[in-house]
Amino acid sequence: MIIKMLAIAVFFLIVSSLVYALYNLIKGKDSVHSAKTLKALTFRIAVSVALFVVIVVAMGLGLFRPHGIGVVVQAHKLSSAVADK
């Protein structure tokens, strides 16, 4: 549960970084605002990659289990493959 809440909090951080970058992009055309936009987008990319790595590691450790239609389809394929043998 903590991993899910952490992922959601980081996701909101990513979205807020995008909003901040958009604000600086629209607000001014000088180099100061351009540098702020670049920093915000670089921060967003770094946080996105870190979140991806954390999710993959958490899935590998069994702390985070995916659910939804993809898991149901994979389970159905696995059960039908076992039944065919």
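The values are calculated or read from the model by the stated rules, or taken from the named source; none is laboratory data. Since the model is a prediction, treat every value here as computed from it, not as a measurement. When we count neighbours, we look across all protein chains shown, and the Cβ atoms used for this are built from the backbone with ideal geometry, even at glycine.
Looking only at residues of the stretch 58-85 that are within 11 Å of ILE3 (Cα to Cα) and surrounded by 10 or more Cβ atoms within 10 Å (Cβ to Cβ), we find that the one that is modelled with the lowest pLDDT is PHE64. The set of residues in the stretch 24-44 being of a type in the set (Val, Ile, Thr) and surrounded by 12 or more Cβ atoms within 10 Å (Cβ to Cβ) consists of THR37, THR42.
ALA21 falls short on exactly one of the conditions (1) surrounded by fewer than 14 Cβ atoms within 10 Å (Cβ to Cβ); (2) at pLDDT 90 or above, and that condition is (1).
Identify all residues within the stretch 23-32 that are under 30 Å from LEU6 (Cα atoms) and either free of Cβ contacts under 8 Å to residues at least 12 places away in the same chain or not in a helix (DSSP H, G or I) (or both); write none if there are none. Talk me through it step by step, then tell me what you get.
Kept after step one, since they are under 30 Å from LEU6 (Cα atoms), are these residues of the stretch 23-32: 23-25.
Once the filter is applied, which keeps residues that are under 30 Å from LEU6 (Cα atoms) and either free of Cβ contacts under 8 Å to residues at least 12 places away in the same chain or not in a helix (DSSP H, G or I) (or both), the stretch 23-32 yields only TYR23.
In the stretch 33-57, the residues that are closer than 14 Å to TYR23 by Cα form Cβ pairs under 6 Å with partners that are of a type in the set (Phe, Trp, Tyr) and surrounded by 11 or more Cβ atoms within 10 Å (Cβ to Cβ), at six or more places apart or across chains, as follows: ALA40/TYR20.
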